[in-house]
1. With a 10 Å Cβ neighbour count serving as the proxy for reagent exposure, in which order, fewest first, do His96, His2, His143 appear?
2. How charged is the neighbourhood of Pro152? Take every other residue with its Cβ under 13 Å from the Cβ of Pro152, and add Lys/Arg as +1 and Asp/Glu as -1.
3. Quote the FRET efficiency, to the nearest 0.05, computed for Val150 versus Arg68 with a Förster distance R0 of 41 Å and r equal to the Cβ-Cβ distance.
4. Give me the distance in nm between label points sitting 7 Å out from Cα along the Cα-to-Cβ direction at Arg5 and Arg32, one decimal.
5. On a full-extension model of 0.36 nm per residue, what is the gain between Arg23 and Glu79, subtracting their alpha-carbon distance, rounded to one decimal in nm?
Amino acid sequence: MHTYRHILLPVDGTDTSERAARRGIELARDLRARVTIVTVTTPWATQFSRELAAVIPDVIVPEGEYERRARVAATVLLERLADVAQTAGIPCKTIHVRHRRPSAAILDAAKAQACDLIVMGSQTAGSLAAVVLGSETLAVLTHGDTPVIVYPHG
């Protein structure tokens, strides 16, 4: 049986992804593994090129403000989960990546950090985020060669 030594925990700020990360930290503690927590933010041009922005122009946030908010949110999220890992006594690294395709960034991070397992949340039912996260989770499962544990929402 393979013993996992380095677990990648992709998070996006949803409850589902945070619960999965906490479960991943528990698993790392049990396996005496280390974790890398990664969050991916899409660049402004990617975020606001979607149909919603064309249909409802008022939702467009100026690029500088969007990037600032994304950076702050990513920092807060990563620090919160790094604290959970530290409390559990787990060696932890955090990474914030800007990429137009979160699944590609997650797979790139797994490879670059030499992670041998990815633990992530599944989609959240009934939301626009579910469509994106669901497709990203599916892409990580189907396009990578790193084993993945997917925790369901709820």
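Since every read-out is calculated from the coordinates, none of them should be taken as a lab result. Keep in mind that this is a model prediction, so the values were computed, not measured. Positions of Cβ are backbone-derived with ideal geometry, glycine not excepted, and every protein chain shown enters the neighbour counts.
1. His2, His143, His96
2. Charge balance near Pro152 sits at +1.
3. 0.80
4. Reported label-point gap for Arg5 and Arg32 is 1.2 nm.
5. Between Arg23 and Glu79, full extension yields an extra 18.5 nm.
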